[in-house]
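Heads up, the thing below is written out as structure tokens.
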Amino acid sequence: MSDVKTIKPKELAKIHEEQGVKLIDVRTPAEFREIHAPIAVNIPLDKLDVKHIQERQNGNGAEPVYVICQSGNRSTRACQKLIEAGITNVVSVEGGTSAWDQLGLPVNRGKKTISLERQVRIAAGFLVLTGALLGMFVNPWFSCLSAFVGAGLMFAGITDTCGMAMLLAKMPWNQVSDNKQKQCHV
């Protein structure tokens, strides 16, 4: 794995003031709708298309591609994906939109939503509790559900890839249907 370059939110804001930048927000459309940097366009991680990014650069491979998410995890994965596809000048925003907002930089706010990370914790907790209760009161084999979720969480921690998050990102409540969404369609 290549090392992903990072930039602090204030540095990026300053560069944007001086020369303008293209910032890609890889969160779900619902998360983007809730809060985002006004300079960002939304291309969810699961829809990130390398060819589209190359087209946006108009053949200027030297121009940096800045990527942001909620806290920096998904943007680092997106940068890694772009690097592996040959786009080498990619930069992840440290601390993501959370850090951007905490520093008092401008944001657009919309309808509140539950972050993808919280959705994963809620779903995993529900499945573990359900498996444990069914295992105690219905049939001990239901405990396998809790074990399966635990194994999935371990796998997610080791590989930094969460299947449950990928599945939840595709759910209807994480999509935005209004046409006013500032989103780059791929």
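The values are calculated or read from the model by the stated rules, or taken from the named source; none is laboratory data. All values derive from a computational prediction rather than experimental measurement. Cβ coordinates were reconstructed from backbone atoms using ideal geometry, including for glycine residues, and neighbour counts include every protein chain displayed. For the accessible areas, the whole protein counts, side chains as well, though only heavy atoms, and no ligand, DNA or RNA atoms are used. Shrake-Rupley method; radii C 1.70, N 1.55, O 1.52, S 1.80 Å.
Can you name every residue in the stretch 14-46 that is more than 15 Å from S92 (Cβ to Cβ) and among the hydrophobic types (A, V, I, L, M, F, W, C)?
Selection gives A30, F32, I35, I39, V41.
The conditions are (1) modelled with pLDDT of 95 or more; (2) closer than 25 Å to M164 by Cβ, and Q80 fails exactly one of them. Which is it?
Every condition holds for Q80 apart from (1).
Out of curiosity, is Q119 part of a helix (DSSP H, G or I), farther than 26 Å from T159 by Cβ and not acidic (D, E)?
no
Which one is farthest from N108 (Cα to Cα), of the residues in the stretch 153-182 that are of a type outside the set (K, R) and more than 19 Å from the chain's Cα centre (by Cα)?
Applying the filter and picking the extreme gives M154.
May I ask you to say which residue of V26, V4 is surrounded by 14 or more Cβ atoms within 10 Å (Cβ to Cβ), under 21 Å from T161 (Cα atoms), modelled with pLDDT under 95 and of a type in the set (V, I, T)?
Details: V26 fails: modelled with pLDDT under 95.
Of V26, V4, the one residue that is surrounded by 14 or more Cβ atoms within 10 Å (Cβ to Cβ), under 21 Å from T161 (Cα atoms), modelled with pLDDT under 95 and of a type in the set (V, I, T) is V4.
V91 passes all but one of (1) within 16 Å of V26 (Cα to Cα); (2) surrounded by fewer than 17 Cβ atoms within 10 Å (Cβ to Cβ); (3) in contact (Cβ under 8 Å) with a residue 40 or more places away in the chain; which number fails?
(2)
If you go through the stretch 163-185, how many residues are open to solvent by less than 30 Å² (accessible area, probe 1.4 Å) and at pLDDT 90 or above?
4
Would you kindly identify the strands (runs of 3 or more DSSP E) lying entirely within the stretch 1-114 that contain at least 1 residues that are in contact with a Cys (Cβ under 7 Å, 6 or more places away or on another chain) and polar (S, T, N, Q)? Steps first, please.
Details: elements: 5-7, 23-25, 40-42, 65-68, 90-93.
Ranges flagged: 40-42, 90-93.
Results for (1) of a type in the set (S, T, Y); (2) open to solvent by less than 80 Å² (accessible area, probe 1.4 Å); (3) farther than 23 Å from T28 by Cα; (4) outside any helix (DSSP H, G or I), shown as yes or no for each residue.
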| residue | (1), (2), (3), (4) |
| --- | --- |
| F126 | no, no, no, no |
| L133 | no, yes, yes, no |
| A147 | no, yes, yes, no |
| L153 | no, no, no, no |
| A156 | no, yes, no, no |
